[in-house]
Amino acid sequence: MASVVVRLMGGLGNQMFQYATGAALAQRHGLPLLLDRGFLDHRPADMSWTPREFELDRLRAPIAIAPEALVCKLRRPWELRGHRFLHGILPSLFPVHCVKEQGTGYDPRITRLPPPVYLEGFWQNEGYFIEIADRLRNDWFLPRGEPNERNLQLLEIIASGSCASLHVRRGDYVSNAETAAFHGACDASYYQRAAQWIVERHDIRRFIVFSDEPEWAQANLKLPCPAEHVSNNTGRASHWDMHLMRHCAHHIIANSSFSWWGAWLNPSRAKTVIGPKQWFQGNNTPATDILPTAWTAL
C-alpha cells in the first residue's frame with residue numbers, strides 16, 4: 001500500500017518536525033503516515049550524535065510504525081543512495097521515492113512529491129506543514145495525560161498574564177565537543193539583550209525560565225524583571241516544559257527545536273518570538289532558514 005514514511009532522528013523537537021512534515025504530505029495525498037524509528041532504536045555505536053529515544057508517544061499524535069520489511073533496506077546511507085539511483089531509472093521496480101534533505105531552509109519540491117515517499121531529514125521550517133497548523137496545535141501536539149500539581153501551579157502563574165518564556169539549551173551543546181562545534185550554545189549576553197528588547201516593547205512582569213541546566217541559568221542570567229525557574233520536568237516529563245512554554249504570551253528561544261515548538265504552538269497572532277540570528281554556528285546557518293518570518297532574529 002502506498003504511504004509516506006519518515007525517518008525519525010534527534011530529540012522530541014526534531015521528531016515533531018519530521019512527523020509534521022510527513023503528516024502534511026500524507027494528508028495531501030490521502031495516505032497513511034508511517035514512522036521509521038530504526039535510527040533511534042539501532043543507532044550505530046560509533047556515531048558521535050547524542051543518543052535519543054522515541055518520544056512522540058508523549059503526545060496525542062496518532063502513531064503508526066513502519067513495518068521492518070518496508071524500511072530495512074532504506075536505512076544505511078549507501079542503500080539510500082542506491083535506491084534513489086534505481087528509482088530514477090527503474091521506477092516500476094523501485095517505486096519508493098527516497099528523499100534526503102538538502103541543506104536548511106524551505107524546499108517547495110517536498111510538498112509536491114508523488115507517493116510512495118520515504119523522507120530523511122530534519123525539515124525545520126513551518127512551510128512544510130503550515131496547512132495542518134490547527135491540527136498540530138489543537139489536537140496532535142498536546143501532551144498525553146494531565147499536568148501534575150507543580151505544572152498546574154505554573155500554568156496558573158502564566159495565566160495571570162504578562163509572562164514570557166525563556167529557554168536555555170545547554171546539555172550536549174556544551175558537553176559534547178562535536179555537537180558544541182556544530183550547534184553552539186547561546187551565551188548569557190544573547191538572553192539579556194533579548195529580555196531587554198522584549199521588556200521594552202511589552203508589559204512583561206515575569207520570565208518563565210526553562211533549561212536543561214537550571215543552575216547555570218539561575219547563576220548567569222541577569223534579567224530585567226523577576227523570573228520563575230522551572231526545574232521539575234525532567235526525563236520522560238520534559239515535554240511538559242514545551243506545554244508550559246506555549247501558554248506564555250511571548251517567547252525567547254534558544255537555537256533549539258524544543259523551544260522553537262514551544263513558541264510555535266502558541267496560536268496567538270499577538271505573540272513576539274525572539275530567536276538567535278545564527279542557528280547552527282558550525283555552518284553559519286542563518287535564522288531566516290528556520291524562524292517563521294514574523295519572528296525576530298537577534
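So what's the net charge close to D57: Lys and Arg +1, Asp and Glu -1, counting the other residues with Cβ under 11 Å from its Cβ? Can you show the working numbers first?
Details: positive: R37, R58, R60, R144, R236; negative: E53, E55.
Value of the local net charge: +3.
Sorting K271, K222, K100 from the fewest to the most surrounding beta carbons within 10 angstrom yields K222, K100, K271. Couplings for the range 116-121, taken from phi via the Karplus curve 6.51 cos²θ - 1.76 cosθ + 1.60 with θ = phi - 60°, read x, 10, 10, 9, 10, x Hz in order; Gly and Pro are left as x.
Using equal-weight Cα scatterers in the Debye expression, the normalised intensity of the range 207-298 in log10 at q = 0.11, 0.14, 0.19, 0.25 Å⁻¹ is -0.32, -0.53, -0.96, -1.37.
In this structure, the amide hydrogen of C98, modeled 1.01 Å from its nitrogen in the peptide plane, lies closer than 5 angstrom to those of Y118, counting only residues at least 5 positions away or on a different chain.
Throughout, read-outs are computed from the coordinates displayed, never taken from laboratory work. Computed from a predicted model, the values in this text were never measured in an experiment. Every residue, glycine as well, gets a Cβ built from its backbone with ideal geometry; the counts of neighbours run over all protein chains shown.
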